[in-house]
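So the structure is just underneath, and the comments pick up after that.
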Amino acid sequence: MSLIKSISGIRGTIGGKAGEGLTPIDTVKFTAAYAAYIKKTNHKDLPKIVVGRDARISGDMVHKLVTGTLMGMGFDVIDIGLATTPTTEIAVTKENASGGIVITASHNPKQWNALKLLDSNGEFLDAKAGEEILALAEVDDFIFAEVDNLGSVTVKDYLEAHIQDVLALELVDVEAIEKANFSVIIDCINSVGGIAVPPLLKALGVKKVIELHCEPHGHFAHNPEPLPENLTELTSLMQTKKADVGFSVDPDVDRLAIFCEDGEPFGEEYTLVAIADYVLSHTPGNTVSNLSSTRALRDVTEKYGEKYKASAVGEVNVVAKMKETNAVIGGEGNGGVIYPAAHYGRDALVGIALFLTHLAKSGKSVSALRASYPSYYMSKQKVDLTPETNIDEILLFIKENYKNEDINEIDGVKIEFKDRWVHLRKSNTEPIIRIYSEAPSIEEAAQLGKEVINQIKNIVG
């Protein structure tokens, strides 16, 4: 059993002893801590919280615990039921709510669930807020509402509002998409993508849609992370059904993976690159991604004479850097697209609409569109260490070894070379160093990572 407490929320496996998994006791305690924090910082007369969830098996149980706890803390709850993470985010602002809780473990397997915590802007809490909630949970000294002051629950559905917001975006061209007459295959991994993506495609004018795993029962048909090795059925169908494009989302629909007409993956790193290319061609401005994302975004940004900036890893950090630099598009290399004209959160529905518009207007096939972008390949490795190892000293040593290169230290150590980079980050939950590297070939990327790993092994023995 596992329970991971972090500034962004609480994540754990279902079952086991309290404190060792995401048990009912842990769920109630952490929800109460979040409610206590909102009470302390909220300036609205009638505080209310939006609650949405993905379709995983434990979702109904956790949802009832969260809703009941919020009522017990005196909060009114806007229950939007089965909903994508971005749908929950926009519901917070539309309801003028004090915050929101998304019940989802994102791409984790079915035994996991989590509470993702939102502020009144429908955005993830920053580090300071997260730390305060963790501290409140440790104290466990909550004051619950008396009977006349219990909260209420109002059930609403925000999917249609979300889709209408997407359609209203200036850069989404329904007429162009409809005219292109695309054939699309989707894999929605038996979660809320199954209730969101098909109606979105219909609203966009896509008439030929083949649905894979769109029943939202939570029994995932395969590993839910939208990586090529988990999407072999989609790949095979792309080849046999002669579809124009394939889309896969994760269980809470904030990540988007794209597949070419020949079944080859577009590359999760290139979801953001392609959409940024389209946005920048119509909207001058800066871009942002995290330090572990592909250099191709910088290349595309500079092609338009604009500036690219990197943030620390984590959506909240990307959003903060986007606001700081007035970025018109940003996100993460895992297929997470953040388009401020919609809202400040990763949103696969927005990504699908912008990508289909881009594809329709380009007149190219998906594979030809992918070939138009700079090609980089990424290697992801790690070094296991002992709990006693001083990881900060190791990072300092590596930094000194490459002191003549361009070094970024906002999140670990990233070393930039002319046509490649390597990024070292220590884990917050286990004694390891993650080593991501990117180069013009997968072999070169892997070799760069191995060179750094060998240096680390020489230090620790």
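What the table shows:
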item: Rg over Rh [alpha-carbon atoms, Kirkwood Rh] for the range 377-460; result: 0.94
item: Relative contact order (%) - criterion: Cα under 8 Å, at least six apart; region: the chain; result: 12
item: Estimated FRET transfer efficiency (Ser2, Gln164; beta-carbon r; R0 35 Å; 0.05); result: 0.35
item: Structure-based [θ]222 nm, the chain - -39500 (n - 2.57) summed over DSSP H runs of at least 4, per residue, nearest 500; result: -12000 deg cm²/dmol
item: Least to most buried among Leu201, Leu169 (fewest other Cβ within 10 Å first); result: Leu169, Leu201
item: Within the range 415-432, backbone nitrogen closer than 19 Å to the virtual label 7 Å beyond the Cα of Asn408 toward Cβ; result: 415-427
item: Exposure proxy ranking, count of Cβ atoms within 10 Å, fewest first, for Lys418, Lys17; result: Lys418, Lys17
item: Gyration tensor verdict on the range 162-371 (Cα atoms; rounded if a/c is under 1.5, prolate if a/b is larger than b/c, oblate otherwise); result: prolate
item: Inter-probe distance in nm under a simple model that places probes 7 Å from Cα toward Cβ, at Lys202 and Thr93; result: 2.7
item: Hypothetical label at Asp60: residues of the range 66-99 whose amide nitrogen lies under 20 Å (7 Å Cα-Cβ projection); result: 66-69, 79-84
item: Order by protection proxy (mean Cβ within 10 Å, highest first), peptides 381-394, 101-114; result: 101-114, 381-394
item: Derived scalar couplings ³J(HN,Hα) [the range 349-354; Karplus, 6.51 cos²θ - 1.76 cosθ + 1.60; whole Hz; x for Gly, Pro]; result: 5, 4, x, 4, 5, 5
item: Added length on full extension, which subtracts the Cα-Cα distance from 0.36 nm per residue, Val147 to Asn390; result: 82.3 nm
item: When each of Lys179/Lys202; Lys242/Lys380; Lys94/Lys207; Lys110/Lys382; Lys94/Lys321; Lys179/Lys207 is checked by Cα-Cα distance, pairs over 21 Å; result: Lys242/Lys380; Lys94/Lys207; Lys110/Lys382; Lys94/Lys321
item: FRET E, pair Lys17, Ile459, Förster distance 35 Å, beta-carbon r, rounded to 0.05; result: 0.40
item: Whichever aspartates and glutamates have a C-alpha closer than 19 Å to that of Lys457, once near sequence neighbours (fewer than 8 apart) are set aside; result: Asp384, Glu388, Asp392, Glu393, Glu400, Glu430
item: Considering only the chain, percent of DSSP beta bridges that pair antiparallel, nearest 5; result: 60
item: Lys/Arg +1, Asp/Glu -1 at C-beta; the chain dipole; positive extreme among Pro440, Val279, Ile329; result: Pro440
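We did not get these values from a lab; they are worked out from the coordinates using the rules stated. The structure displayed is predicted, hence computed values, not measured ones. Ideal geometry is used to build each Cβ from the backbone, glycine not excepted, and the neighbour counts take in all protein chains shown.
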